[in-house]
Amino acid sequence: MKPMTCSPQINPLNRFIQLAILVAMGLQLALPVARAENIPDLYLHGGQSLDGEWKTIIDHYDSGFYDYRYSERDLSKNPSRAETFYLDVQPTNGTERVEYDFDASPMLKVPGDWNTQRPELFYYEGSVWYRKQFASSPLAAGERAFLRFGAANYRADVYLNGQKLGTHIGGFTPFSFEVTKQLKTGTNSLVVRVNNQRSKDGVPTLNTDWWNYGGLTRAVEIVRTPATFIADHRLWLESEETKMISGSVVIAGAKEGETVELAIGELNQKMTAKTDAEGRVNFRMAATNLSLWSPEHPKLYAVEISCGPDKITESIGFRTIRTRGKELLLNGQPVFLRGVCIHEEFPLNGGGRVNSPDKAKQLLLWAKELGCNFVRLAHYPHNEDMTRLADQLGIMVWSEVPVYWAIDWTNAATYHNAEQQLTDEIRRDDNRAAIIIWSLANETPLSEARTAFLTGLAKHARELDSTRLLSAAMERHTKSGSENMNVVEDPLADVVDVVAFNEYIGWYDGLPEKCAKVTWEIPYDKPVFISEFGGDSLQGLHGDKAQRWTEEFQADLYWQTLPMLDKIDGLVGFTPWILVDFRSPKRVLPGIQDGFNRKGLISSDGVKKQAFFVLQDYYRKRAE
Ligand code: GCB
């Protein structure tokens, strides 16, 4: 992988990052409670599932959170029993005033967005309080307990047995709190306030072309571990030629000199090493008999890691990905990415955020049926089922953080938030062979501040993971003075490994016939990737191909686009927008959009449109 290069435009970067770090440190110091942590291997330890029905209170005015002076109740030394929802009390006698009642409140399913579960929550943005009572047996001597959330959109304030555990911000990545001290033997009360209000300084920000589902959208569990346990591990293939595998394991609570064993039985590999002062061990093994992971052969190996009484097993594939000039090389061989974009939304069974492995699998199976070997998981990290299934099904993945359109580039807290989401995404999924590209952003407007922000993210991503490629969905422009010459001129292209951009000729720019006329100027010696193109059609609406919104128009747009893309020098693939129609409150055209972006190749009822088959045919030929 090439070292990052900085263009002269991004000189303020260091100053900006320093400021971001200072502000972030300030924010942390100000927090009265524990910070949410991301301990990737809690997922593999398994635990007591808290999924199912939770009691919920819709809190339009955040009355359970703020008192009448608008002070946060959880900052008070003596919060009122009458109104502080997280205390989860019942009146002790007939005279006591308690103005909420979880026991008498309705239920919502977890994992799940709240919007598709109750009509009055359909477009709700605000706070919902969730309460789960669960039983716990005593912890054994030295045993530890963690409360883990797969994700909560967007802000979660978490309380166990009336005590605040902490706050987490960011809707698409896992987080946890250690609850060894707070967990009670017998019945526990877990209360979470989830708020999905959009904000200017948020990531994503106020304006998105998708619906911002709220709720405890992914699994919740209590995970028990020994005092010393496997917290994180990472394995990667150094080179497809030497078949040398590198790895590291981090043990939480470890003293120096703890023994860690790593075994890949099928490769006859077993190694032991001793932890350093930070609880870390590094491994290297030459696996000469290794079968490489690829879409045609998605080979996964059972990797076992143990440390004292703690043991985890995970299926991991090994492959390399890199660029050579304009080529993209998977395991050293040029590869073409036959892709499609996917939102984490399921069209059937009431719709909404994907909340089960079955739904995730159906989306990937549709992509397979289309002929894909690659998917762009837009515009935020999808759930872990999705990326694990991609490993199993042999589908390469572009994984993205929700740095979308015009976020608050000069706000240091926004930078910190984006960087944290990127960190959590990479740490969650850095063992997934399927993921070949981390994407930093989508369609962000050119400015010095934006480039400094994204260059900071790129530097951070490379520090965390130098084994994958970086990209971002950038934009193309028509060259000034010319009608049909398209250029990509973006200082970010110097920073990323793959020059990707959203295209949309024939939909937002002219009609499909325009595709035959355009030429391209992409002045980078890097692979070129089209991260979006497409147009809307209402499934079942038929007419002339010149009639916008018909299936015929959309199919023709694909017919005209595909040969145009074939002419782009250095093209290594594309991901049309999008596999399935998805909800977007921005899309209001009556009788056509009705709250949906209709650029799907499959409708919001799960029916394939004509364009699906145009692309399928193209991909079939491409794969020959
Ligand atoms: C884009 C955005 C995507 C939109 C799409 C559209 O460029 O990246 O989020 O939904 O265009 O349909 O306009």
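The values are calculated or read from the model by the stated rules, or taken from the named source; none is laboratory data. None of the values given here were measured: they were computed from a predicted structure. A quick note on method: Cβ atoms are made from the backbone with ideal geometry, for glycine too, and the neighbour counts reach across all protein chains shown. When the accessible area is computed, the model is the full protein with side chains, heavy atoms only, and any ligands, DNA or RNA have been set aside. Shrake-Rupley method; radii C 1.70, N 1.55, O 1.52, S 1.80 Å.
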statement: Within the range 122-183, DSSP-loop GluC sites (Glu not before Pro) with at most 16 other C-beta atoms within 10 Å are E125, E143
field: 5 angstrom amide H check on L337, placed H, neighbours 5+ away
entry: G573, F574
task: Take peptides 94-107, 591-604, 50-63 and line them up by average Cβ neighbours within 10 Å, highest first, as a rough protection proxy.
output: 591-604, 50-63, 94-107
message: Compute the angle between helix 610-623 and the longest alpha-carbon principal axis of the chain, please, reported from 0 to 90 degrees and rounded to the nearest 10.
response: 80
- request: Positive end of the charge dipole of the chain (Lys, Arg +1 and Asp, Glu -1 on Cβ, about the Cα centre): tell me which of L464, S137, L42 has its Cα farthest that way.
  value: S137
- prompt: Tell me, what ³J(HN,Hα) does each residue in the range 588-605 have, in order and in whole Hz, if you take phi through Karplus 6.51 cos²θ - 1.76 cosθ + 1.60 with θ = phi - 60° and put x for Gly and Pro?
  reply: 10, 4, x, x, 10, 8, 6, x, 10, 7, 9, 7, x, 7, 10, 7, 6, 9
query: With r defined as the distance between the Cβ atoms of D509 and E99 and R0 fixed at 56 Å, what FRET efficiency is calculated, to the nearest 0.05?
result: 0.50
field: Considering only the range 332-419, percent of DSSP beta bridges that pair antiparallel, nearest 5
entry: 10
Size of electric dipole in the range 319-425: Cβ of Lys, Arg +1 and of Asp, Glu -1, about Cα centre, debye, nearest 20: 540
task: May I ask you to give the solvent-accessible area per residue for the range 151-204, in square angstrom, as obtained with a 1.4 angstrom probe?
output: 30
task: Nearest 5 is fine: what % of DSSP beta bridges in the chain come out antiparallel, could you say?
output: 70
task: Give the residues of the range 52-74 whose amide nitrogen is closer than 17 Å to a point set 7 Å from the Cα of Q163 in the direction of its Cβ.
output: 74
query: For E125 and Q547 in the same chain, what is the full-extension length gain: residue separation times 0.36 nm, less their Cα-Cα distance, in nm?
result: 148.3 nm
- line: With +1 at each Lys and Arg Cβ and -1 at each Asp and Glu Cβ, the charge dipole magnitude of the range 489-547 around its Cα centre, to the nearest 20 debye, comes out at 320
message: I want to make sure I understand the PRE zone here: with the label point 7 angstrom from the Cα of D566 toward its beta carbon, which residues in the range 481-506 have backbone N atoms less than 20 Å away?
response: 503-506
- prompt: Residues of the range 189-219 with amide nitrogen under 16 Å from the 7 Å Cα-to-Cβ point of F134?
  reply: 189-193, 216-219
- prompt: From the square roots a ≥ b ≥ c of the eigenvalues of the alpha-carbon gyration tensor of the range 404-491, which class results: rounded (a/c under 1.5), prolate (a/b over b/c), or oblate?
  reply: oblate
- request: Could you order peptides 184-195, 77-88 by the average number of other Cβ atoms within 10 Å of their residues, highest first?
  value: 184-195, 77-88
- prompt: Top to bottom by accessible area (1.4 Å), largest first, where do R224, R462 land?
  reply: R224, R462
query: Between L206 and M244, what is the FRET efficiency for a Förster distance of 60 Å, r being their Cβ-Cβ separation, to the nearest 0.05?
result: 0.80
field: Within straight-line cross-link reach of K200, lysines at Cα separation under 26 Å, skipping those fewer than 8 residues along the same chain
entry: K459, K586
- request: Note down the magnitude of the dipole of the chain about its Cα centre, charges +1 on Lys and Arg C-beta and -1 on Asp and Glu C-beta and zero elsewhere, to the nearest 20 debye.
  value: 460
message: Take the residue pairs K361/K599; K359/K608; K164/K184 and return only those whose Cα atoms are more than 19 Å apart.
response: K361/K599
message: Quick check: residue separation of K181 and R69 times 0.36 nm, minus the Cα distance between them. What number comes out in nm?
response: 37.1 nm
message: Given the -39500 (n - 2.57) contribution per DSSP H run of 4+ residues, what per-residue ellipticity at 222 nm results for the chain, rounded to the nearest 500 deg cm²/dmol?
response: -5500 deg cm²/dmol
statement: In whole angstrom, the spacing between the Cα centers of the range 495-525 and the range 600-615 equals 23
- request: Would you please classify the overall shape of the chain from the alpha carbon gyration tensor, given that a ≥ b ≥ c denote the square roots of the eigenvalues, rounded means a/c under 1.5, and beyond that prolate means a/b larger than b/c while oblate covers the rest?
  value: oblate
- request: Measure off, as a whole percent, the carbon and sulfur share of the 1.4 Å-probe accessible area of the chain, all protein chains present.
  value: 51
statement: Descending packing, highest mean Cβ count within 10 Å first, for 251-261, 451-461, 161-171 is 451-461, 161-171, 251-261
message: Once each part is reduced to its C-alpha centroid, what is the distance from the range 83-157 to the range 374-421 in angstrom?
response: 27
query: Taking a 1.4 Å probe, which of V397, V588 shows the most accessible area, and what order do the others take after it?
result: V588, V397
query: Is the shape of the range 63-130 best called rounded, prolate or oblate, per the rule: a/c under 1.5 gives rounded, else a/b larger than b/c gives prolate, else oblate, with a ≥ b ≥ c the square roots of the Cα gyration tensor eigenvalues?
result: oblate
field: Extension gain, R35 back to Q48 (0.36 nm per residue minus Cα-Cα distance, nm)
entry: 2.5 nm
